[in-house]
Amino acid sequence: DRSRRTRAGRTPCGGGILAVSMVTSVRAGNFVWLRRQPLAVLGIVLLASFILAGLFAPWVAPDNPASIHLTHRLESPSHAHLAGTDELGRDTLSRLVWGARLSLTISVSVVAISLVLGISIGGLAGYW
């Protein structure tokens, strides 16, 4: 009887089988949006690689990011320097990886401080 069904398709008394099938379909469709959003997948991959490079910078970076080699100034990418060198001969890839580490440290610190301040101020505002 259609008049007894709610908008979600369940009967007012619960509809056990229908509720179970809806739960399994929601679980199966959790990551369906990934197929429809290839740029989101690309963003997730880039973010994950940025985080991994920052976390493992001491082991991933091929050279010391602060070491100056004036004889290797402005070299193009090669086997020795995969991303080339800058105007002081520093390895660009090493500087990028260590820069990712510094950026991650700063961003996590800012989020933690904002979280603590936001919860404290919100709690005080809600109390009074």
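The values are calculated or read from the model by the stated rules, or taken from the named source; none is laboratory data. Keep in mind it's a predicted model, so treat the numbers as computed, not measured. Virtual Cβ from ideal backbone geometry, glycine too; neighbours counted across all protein chains shown. All accessible areas refer to the heavy atoms of the entire protein, side chains included, with ligands and DNA or RNA removed. Shrake-Rupley method; radii C 1.70, N 1.55, O 1.52, S 1.80 Å.
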Exercise for the section: Evaluate the following for Val32: is it at pLDDT below 90, open to solvent by less than 60 Å² (accessible area, probe 1.4 Å) and of a type in the set (A, V, I, L, M, F, W, C)? Expected result: yes
Problem - Scan of region 96-128 for residues that are under 29 Å from Leu82 (Cα atoms) and open to solvent by less than 90 Å² (accessible area, probe 1.4 Å), ordered by number - result: Val97, Trp98, Gly99, Ala100, Arg101, Ser103, Leu104, Thr105, Ser107
Exercise for the section: Look at region 67-92 and say how many of its residues are under 27 Å from the mean Cα position of the chain (by Cα) and open to solvent by 70 Å² or more (accessible area, probe 1.4 Å). Expected result: 1
Practice task
Scan region 82-98 and give yes if some residue there is under 21 Å from Ala53 (Cβ atoms), touching a residue at least 24 places away in the same chain (Cβ under 8 Å) and part of a loop (DSSP other than H, G, I, E, B), otherwise no.
Solution key: yes
